[in-house]
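Data first, discussion second: the structure below is written as structure tokens.
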Amino acid sequence: QVQLVESGGGLVQPGGSLRLSCAASGSIFSIYHMGWYRQAPGKQRELVATISSGGVTKYSDSVKGRFTISRENAENRAYLHMNTLKPEDTAVYFCKMFAQTIIYWGQGTQVTVSS
């Protein structure tokens, strides 16, 4: 059974940094694309960044230049490095593992940016 577990969220001041981690188990991690999404209260879940099985990355305009997505296939992990955090980055961040019609989601980790 595939499981995705996010960690690394928390409370940080504006301008600060966090690193989110997504640990995958139960499948061959390297063949899947990975993504980070977020959902703020009262809003729809939105794409933050994706990284393909081959390492190609994409970012939403709102985080480009501030966030970096990466993956470590040997560890079955994906990461989201978040710098220069803003209050509007506050949300629950979800990890997604996907390939063709197969999609798995983690349960999310809360990120709160506030002074």
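The values are calculated or read from the model by the stated rules, or taken from the named source; none is laboratory data. Bear in mind the structure is a predicted one, so any value in this text is a computation, not a measurement. So basically every Cβ, Gly included, is an ideal-geometry build from the backbone, and we count neighbours across all protein chains shown. All accessible areas refer to the heavy atoms of the entire protein, side chains included, with ligands and DNA or RNA removed. Shrake-Rupley method; radii C 1.70, N 1.55, O 1.52, S 1.80 Å.
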Dipole of the chain, positive end: most advanced residue of VAL5, GLN107, GLY16 [Cβ charges, Cα centre]:
GLY16
Pick from MET97, MET34, MET82 the residue whose mean-square fluctuation is largest in a GNM of the chain, springs joining Cα atoms under 10 Å.
MET82
Mean accessible surface per residue for the chain, computed with a 1.4 Å probe while every protein chain stays in place, in Å²:
54 Å²
Contour minus end-to-end for LYS58 and ALA23, with contour as 0.36 nm per residue of separation and end-to-end as the Cα-Cα distance?
10.6 nm
May I ask you to give the average projected area over all directions of the convex hull of the Cα atoms of region 55-115, in nm² rounded to one decimal?
5.2 nm²
Work out how much length SER115 to GLN100 would gain on full extension: take 0.36 nm times their residue separation and subtract the Cα-Cα distance, in nm to one decimal.
1.3 nm
State the extension gain, in nm to one decimal, for the chain segment bounded by THR84 and LYS43, taking 0.36 nm per residue of separation less the distance between their alpha-carbons.
12.6 nm
With the full set of protein chains in place, find how many percent of the accessible area of region 40-115 is carbon and sulfur; take the probe as 1.4 Å.
47 percent
Which three numbers, in whole Å and largest first, are the semi-axes of the equivalent ellipsoid of the chain derived from its Cα gyration tensor as √(5λ)?
23, 14, 13
